[in-house]
Each structure stands twice: as C-alpha cells, then as structure tokens.
Amino acid sequence: VSTFCSITMLYFLYNFVSKLYSEKIAFYSGMFLLAFPTSFFFSIMYSESSFLMVALGFFYFWQKDKYLPAALMAFLLPLARPLGILLIVPILAQAIWKRWEGKSIFNSTWSITALFCGACLFGFGAYLLSMYLFTGSVWAGFDAQRSFVSGFSLSNLFHPIDWLMRNFIDTT
C-alpha cells in the first residue's frame, strides 16, 4: 500500500507542478522529494505516503476542475491523519485571495469552497466516529499522542526551544 501511494504521490506531484511551472521543475521536485533524508518513510508502514498522496491528489484534481474527486480527497485527508483538517486553511485562503485579487491558479466559487470545507469536516467527523467506535473515546487518537517522545501538540509552536531541547538535546 505504501509503495502504491508513493508512486501515485509522485504522479500527482509531477502533473501538478508541471502545470504551474515546467516539466523540468516537476521532475526535479520529485527527485528532491525522493532524495530527502526521511523519504524512506514513504516505503514503510507509516501514513506519510498515503497522507501526501491524498493531499497532492486534492490539489491535482482541484487544479483540473475535477471537483468530486477533489472533494473525495478532502474527505480522505483527515482520515489519513487528523491533521488533514487543516486543509481548510489553504481552501479558505485561496477563496479569499481570489475574491481580493480576482485571480488564482484554481477555478472555484464559494459553493466549491463550501464543498471542499464540508468534505474536510465530514472526513474529520468520520475520523472521530471511528475513534469512538474502536476505542470508546473520540479523543483517543489525540490522547495517544502524549505517549510519544515528541509530545505532538500545538503548544510546541509556542515553546520551540523546549521542543528542540526535548527532541534533540536532552538524551536522558
């Protein structure tokens, strides 16, 4: 599954970037992605490849004005990782930018924006429902994050020095 997602992710990346810039830049962006030191996570049993495939698939389909496949990807993104709910931020930012500037690389109206935001919210709701059905708590996935060394939390944004010390300096 991870290998399939990795190959599909590269397909989406190449086609998305080649429409924005050039085929050469699209090729190099894929090569740099694969050459990144932690890209080996794309081929093992982690959700990195599926998450990135779905995220790139969303932008690829949105750019091609294929709104239903894009909405499906927006629904699946929070299911791949709950952080996928943040897809709402670039969707709304693009709609506001288009309204303000009158131009964008994406064709969309407020109804398309509402469709994508709704798909994200329903995907996040499906994630919370699955957590409740399998564990008895909708917040079980978030509670489990406290068990990891990194202590995944938005509060890390407000204490970057503590995060750096805890993850890279403190070896006890």
- Could the peptides 73-83, 22-32, 116-126 be put in order, highest first, of the mean number of other beta-carbon atoms found within 10 Å of their residues? 73-83, 116-126, 22-32
- Expected vector for the stretch 42-51, Karplus 3J(HN,Hα) from phi with 6.51, -1.76, 1.60 and θ = phi - 60°, integer Hz, x for Gly and Pro, equals 5, 10, 10, 7, 10, 8, 4, 5, 5, 4
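Which of rounded, prolate or oblate describes the stretch 17-82 when judged by the alpha-carbon gyration tensor and an a/c cut-off of 1.5? Provide the component values of the computation, followed by the final result.
Numbers: a/c = 3.75, a/b = 1.06, b/c = 3.53.
Oblate, since a/c reaches 1.5 and b/c is not below a/b.
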- Test item: Cα-centred dipole of the chain, Lys/Arg +1 and Asp/Glu -1 on Cβ, debye: 440 debye
- Message: Taking Rg and Dmax of the Cα atoms in Å straight from the coordinates, which label in [x] 18.0, 58; [y] 24.2, 91; [z] 18.0, 54 is the correct one?
- Response: [z]
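Which of rounded, prolate or oblate describes the stretch 1-41 when judged by the alpha-carbon gyration tensor and an a/c cut-off of 1.5? Kindly include the intermediate steps, with their values, before the conclusion.
Working: a/c = 3.64, a/b = 1.51, b/c = 2.40.
Oblate, since a/c reaches 1.5 and b/c is not below a/b.
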- Task: Determine, for each peptide in 39-51, 7-19, the mean count of other beta carbons within 10 angstrom over its residues, then list the peptides with the highest first.
- Result: 7-19, 39-51
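Values quoted throughout were computed directly from the atomic coordinates according to the rules given, and no laboratory measurement underlies them. Remember, predicted model here, so these are calculated numbers, not experimental data. Every residue, glycine among them, receives a Cβ derived from its backbone with ideal geometry; neighbour counts consider all protein chains shown.
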